[in-house]
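Take a look at the structure below.
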């Protein structure tokens, strides 16, 4: 028989679980999936997959962590680092400024004017008390970035901005294009 025919017969015999031998007896192929030696070696193999021999209790999968497959690029996380640093500095500044109360010059002037008339009229007394209370209350400073979004820039708008910071809010043309336009004009 040619070699190709023998190869084809061998492949068909391997693919079939049951086949009949040349003598006419039925040969059954038995696949041993779990011998005692294999069962004995399964546990060490499974334990070798974990560094401590047991699965870690870390709920975050490695692929979902920021340091997978390598630590993040400093350029990618620089805005976040700067924002955290800026927030920590602002909280320190706020702690120092809590004790200092700035007086509004308008309120101070009105109090001086009403102090002359507060004894003469009942309405003057009430207005004087209200101005004293306003003087005690600290004035909230405006965020210049947020206040500049309203026409008068005298208060902050009620709605949130699309971006958390103005860092990547708009895309400007490259500086060389701006300079070229200025040179042409």
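Values quoted throughout were computed directly from the atomic coordinates according to the rules given, and no laboratory measurement underlies them. Keep in mind the model is a prediction, meaning the values are calculated, not measured. Positions of Cβ are backbone-derived with ideal geometry, glycine not excepted, and every protein chain shown enters the neighbour counts.
How far, in nm, would the chain grow between residue 47 and residue 154 when pulled straight, counting 0.36 nm per residue and subtracting the alpha carbon separation? Provide the component values of the computation, followed by the final result.
On the way: separation 107, 0.36 × 107 = 38.52 nm, distance 6.59 nm.
Gain on extension, residue 47 to residue 154, equals 31.9 nm.
Could you tell me the calculated FRET efficiency between residue 90 and residue 65, based on Cβ-Cβ distance and R0 = 25 angstrom, to the nearest 0.05?
Plugging the Cβ-Cβ distance into 1/(1 + (r/R0)^6) gives 0.30.
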